[in-house]
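As C-alpha cells, the structure follows; a few thoughts come after it.
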Amino acid sequence: MRDLSRRDLLKATAVGAGAVALPSVIAGSSAIAADGPGSSSGATYPPAELTGRIVRPQSPNYAEASLGWDELFVRYPLVIVFAQETQDVVNALTWARQHDVALRVRSGRHSLEGWSNVDNGIVIDVSELKDVHIDTAARTAKLGAGLTQSEAIAALGEYDLAATTGGEGTVGLSGATLGGGFGFLTRYLGMACDNLIGVEIVVASGTNGAKVLKVDPWNYPDLLWALRGAGNGNFGIVTSLTYQVAPLESVAYLQVTWPGLDNLHEVFDTWQRGAPFSDPRLGTQVEVHPDEILLFAVLAEGSEAEARSLLEPLLSIGKPEVTVQIGGWGETYAGFQIPNDEEPAKWKFFSQFTREPFPAKAISIVREFMEKSPTPDTNFFAQAFGSGAQRQEPFGGAAFPHRSALFYSEPGTGWGTRGEPDSDDAITPIAQAWIAEFSQALRPYVDGAYVNVPNIGMAEWEEAYWGRNFPRLRKIKAKYDPYNVFQYEQSIPPATH
C-alpha cells in the first residue's frame, strides 16, 4: 500500500478543498420542480449534503481509497463517496453540481486510462452497492452496480444461471456491461449489454440537482439503447442492472499450451479461420506471450470429448500440453482468476477489432513484437466473435457497433510492483512506445476500438468506438445531460442542434 507524503496531501487539498466543509455555494429553492428526463428545465434543488461512506484526504484510508487497479495513474480527489444506497448517489451528484466540482464515476477501479478518478474533484464510487435479486422463474437478475464480475458469476452460479461477462473477475460488472462486455460466453449468449434489460440510473436534473430514472425497453428506451455500449460515465451513474439470464449447468474448460513461438503462424491462422465459425457454444481466446502460446476454450453444456473434437484442428498442431476441467461456470471461472496482488501494478493496452483474417504478414508482426516485448508480463490476446449470438442485437437495439467482427484483439504489457508508486518507472516510456509502435504496425489489419479499453490519443476515437451510432449518442446525451455534467477525456459531447 502506498503512503501519502505531506506534499501529496497538500497537493490533494490545494484547489478548492474548503468546498468539502462549506455549505452549498449555490442557493437552491426548497421546492423541487417537475422536469423531463434530462436537466434542461430550470428546476433548482435545496443544498445537498454528502451521505454514504465519505473518505477525504485527511482520512487514514485515503491512499487505499483513491488508488485504482492500474497504478500508472495516480489522482488526488477532494472527496470519495462510497454509496451505500441510491440516495447517496443522488446526494453526491447534487452536491457536485451545486459546488461546481469535477466528478468521476467509479465501480471496479479498472478504468485503463485512469478516467474514473480525478484530481481536486469528487469520485462517486458505487462499489459497495452489491444487492442481488434473482427471479429463477422469470430468469432475470437485478444486480447492484458494485458487484465485480466474479461476484456476479458466483451469485448466478448458485442457481445454475449465467449471463455474459468479461474474463477478469475483479473488473466491475457495471463498467464491463455498459461498454459492451464480452468473454467466453459471448458467442453463446450475446454481448453482456445484450443481456441488459433494465437499469436504475441517477441523472443530472434541473440546474443543480439529480434524480433517479428506472430504464427498460418501454421506459426511456433511447437511454437503454445508449447504455448498451456507451454507458460508462456518459449519461449518469448506474446503481443497479437487470439482466435476462440463461440456464448453464456446466462447461468444459480447456487450456492448451505450446512452448515457444514456432507454432504461432499455424496456430493463429487455424484458430482465426475455424473458432469464430464453430459451434456457438464454444468461446475461445488465443494469448501470445514472449515464450509461449496459450489457447483457452469454454464449451457451454459440453463434454471433454465434444470440446476436443471441436478443437481438433488446433490440438493436432505440434505437441501442446492440454488440460481439461468439467464443472459449473462459477467454479470454473474462479479457477482461472489471477489475484490482483500477483499482477504488475502498471499496465498499457491497445484495443482493436478485425473483420478479415490476419494475413501471414500480420501474424509475423505479432511475433516480432512479442520477441522484443518490454517486460515478461506482455501478451497479445485475441477473442473469437464470428458467427455467434453477438451478431443479433437485443430487443430495443444497442449502441455497441462491432458485432460483425471476426475477432477482438489487444496487445498489453505490465510492469512495476503494487504498492510501490515509483517502481520500474524507467520502463514506462519503453512500454508506451512499444504499444504505440505495435498498434501502428497492425493498423492496416484492424478496424475500430473497444471503449472499455480506450486508446488515448487516437484520432477519430468517436468513430472507432461507436461507428455510425455516434451522432445518435450525441442527441441522447443532449436529452439526458444537456449541461455535459458527465465528462472526461473521451466522453460523448451533447449535440448542439
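Within region 228-239, restricting attention to residues that are of a type in the set (A, V, I, L, M, F, W, C) and in contact with a Phe, Trp or Tyr (Cβ under 7 Å, 6 or more places away or on another chain), which residue is farthest from E463 (Cα to Cα)?
Going through the qualifying residues, I end up with F235.
Regarding S107, is this residue at pLDDT below 95 and buried (at least 16 other Cβ atoms within 10 Å of the Cβ)? Can you show your working first?
Numbers: at pLDDT below 95: no; buried (at least 16 other Cβ atoms within 10 Å of the Cβ): yes.
Criteria not met by S107.
Taking the residues in region 226-246 that are open to solvent by 30 Å² or more (accessible area, probe 1.4 Å) and in a strand (DSSP E or B) as candidates, determine which candidate is nearest to Y333 (Cα to Cα).
First pass over region 226-246, keeping only residues open to solvent by 30 Å² or more (accessible area, probe 1.4 Å): 232, 242, 244.
Remaining after also requiring in a strand (DSSP E or B): 242, 244.
Working: T242: 21, Q244: 20 Å.
Checking each candidate, the answer is Q244.
Assess whether A405 counts as being open to solvent by less than 20 Å² (accessible area, probe 1.4 Å), more than 20 Å from E292 (Cα to Cα) and free of Cβ contacts under 8 Å to residues at least 60 places away in the same chain.
Details: open to solvent by less than 20 Å² (accessible area, probe 1.4 Å): yes; more than 20 Å from E292 (Cα to Cα): yes; free of Cβ contacts under 8 Å to residues at least 60 places away in the same chain: yes.
Taking the combined requirement at face value, the residue satisfies it.
Condition first: aromatic (F, W, Y), within 29 Å of G68 (Cα to Cα) and outside any strand (DSSP E or B). Now tell me which residues in region 371-428 satisfy that.
The one that is aromatic (F, W, Y), within 29 Å of G68 (Cα to Cα) and outside any strand (DSSP E or B): F400.
Might you let me know whether region 438-445 holds any residue that is open to solvent by 30 Å² or more (accessible area, probe 1.4 Å), in a loop (DSSP other than H, G, I, E, B) and farther than 20 Å from N379 by Cβ?
No, there is no match, as no residue in region 438-445 is open to solvent by 30 Å² or more (accessible area, probe 1.4 Å), in a loop (DSSP other than H, G, I, E, B) and farther than 20 Å from N379 by Cβ.
Output yes when any residue across region 371-383 is closer than 29 Å to R109 by Cα, of a type in the set (A, V, I, L, M) and over 20 Å from the mean Cα position of the chain (by Cα), and no when none is.
No: zero hits.
Does region 247-277 hold any residues that are of a type in the set (G, A, S) and open to solvent by 20 Å² or more (accessible area, probe 1.4 Å), and which are they?
Scanning region 247-277 gives S250, G260, G274.
Would you point out the residue of region 297-323, among those that are open to solvent by less than 50 Å² (accessible area, probe 1.4 Å) and outside any loop (DSSP other than H, G, I, E, B), that is nearest to L161 (Cα to Cα)?
A300
Could you tell me which numbered condition Q440 fails, if it satisfies all but one of (1) more than 22 Å from the chain's Cα centre (by Cα); (2) closer than 26 Å to V202 by Cα?
It fails just one condition, (2).
As an exercise: evaluate P57 against (1) surrounded by fewer than 21 Cβ atoms within 10 Å (Cβ to Cβ); (2) more than 22 Å from Q487 (Cα to Cα) and give the number of the one condition it does not meet.
It is condition (1) that P57 fails.
Condition check: open to solvent by less than 10 Å² (accessible area, probe 1.4 Å) and either assigned to a helix (DSSP H, G or I) or in contact with a His (Cβ under 6 Å, 6 or more places away or on another chain) (or both). Does T177 satisfy that?
Yes: the conditions hold for T177.
Condition first: under 18 Å from the mean Cα position of the chain (by Cα), of a type in the set (S, T, Y) and more than 19 Å from Q87 (Cβ to Cβ). Now tell me which residues in region 193-246 satisfy that.
If the condition is that a residue be under 18 Å from the mean Cα position of the chain (by Cα), of a type in the set (S, T, Y) and more than 19 Å from Q87 (Cβ to Cβ), then T242, Y243 are the ones that fit.
What is the one condition in (1) open to solvent by 70 Å² or more (accessible area, probe 1.4 Å); (2) modelled with pLDDT of 50 or more that I32 does not satisfy?
Checking I32 against (1) open to solvent by 70 Å² or more (accessible area, probe 1.4 Å); (2) modelled with pLDDT of 50 or more, the one that fails is (2).
Keeping to region 400-445, report how many residues are closer than 19 Å to M458 by Cβ and of a type in the set (D, E, K, R).
3
Does A433 qualify as being surrounded by fewer than 21 Cβ atoms within 10 Å (Cβ to Cβ) and in contact (Cβ under 8 Å) with a residue 40 or more places away in the chain?
No: the conditions fail for A433.
Output the residues belonging to region 400-418 that are out of contact with any Ser or Thr (no Cβ under 6 Å at 6 or more places or on another chain) and over 23 Å from L196 (Cβ atoms).
Result: S409, P411, G412, G414, R418.
So is G172 surrounded by fewer than 22 Cβ atoms within 10 Å (Cβ to Cβ) and farther than 22 Å from S205 by Cα or not? So that I can check it myself, show each step before the final result.
Values: surrounded by fewer than 22 Cβ atoms within 10 Å (Cβ to Cβ): no; farther than 22 Å from S205 by Cα: yes.
No.
Can you give me the number of residues within region 122-147 that are surrounded by fewer than 22 Cβ atoms within 10 Å (Cβ to Cβ), touching a residue at least 12 places away in the same chain (Cβ under 8 Å) and outside any strand (DSSP E or B)?
Residues meeting the conditions: 6.
Scan F369, F350 and give me the residue that is modelled with pLDDT of 95 or more and open to solvent by 30 Å² or more (accessible area, probe 1.4 Å).
So the residue among F369, F350 that is modelled with pLDDT of 95 or more and open to solvent by 30 Å² or more (accessible area, probe 1.4 Å) is F350.
Residues of region 180-202 being surrounded by fewer than 24 Cβ atoms within 10 Å (Cβ to Cβ), in contact with a Lys or Arg (Cβ under 8 Å, 6 or more places away or on another chain) and in a strand (DSSP E or B), which ones?
Of everything in region 180-202, those that are surrounded by fewer than 24 Cβ atoms within 10 Å (Cβ to Cβ), in contact with a Lys or Arg (Cβ under 8 Å, 6 or more places away or on another chain) and in a strand (DSSP E or B) turn out to be G198, E200.
Tell me the residue from S59, S41, S24 that is at pLDDT below 50, outside any helix (DSSP H, G or I) and small (G, A, S), please.
Selected residue: S24, the only one of S59, S41, S24 that is at pLDDT below 50, outside any helix (DSSP H, G or I) and small (G, A, S).
What number of residues in region 250-265 are more than 26 Å from the chain's Cα centre (by Cα) and assigned to a loop (DSSP other than H, G, I, E, B)?
4
Conditions tested, residue by residue: (1) closer than 21 Å to N208 by Cα; (2) assigned to a loop (DSSP other than H, G, I, E, B); (3) in contact with a Leu (Cβ under 9 Å, 6 or more places away or on another chain); (4) open to solvent by 70 Å² or more (accessible area, probe 1.4 Å).
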| site | (1), (2), (3), (4) |
| --- | --- |
| F470 | no, no, no, no |
| K479 | yes, no, yes, yes |
| V485 | yes, yes, yes, no |
| P494 | yes, yes, no, no |
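The values are calculated or read from the model by the stated rules, or taken from the named source; none is laboratory data. If you're wondering where the values come from, they're calculated on a predicted model, not measured in any experiment. Every residue, glycine among them, receives a Cβ derived from its backbone with ideal geometry; neighbour counts consider all protein chains shown. Side chains are part of the model used for accessible areas, which takes the heavy atoms of the whole protein and leaves out ligands, DNA and RNA. Shrake-Rupley method; radii C 1.70, N 1.55, O 1.52, S 1.80 Å.
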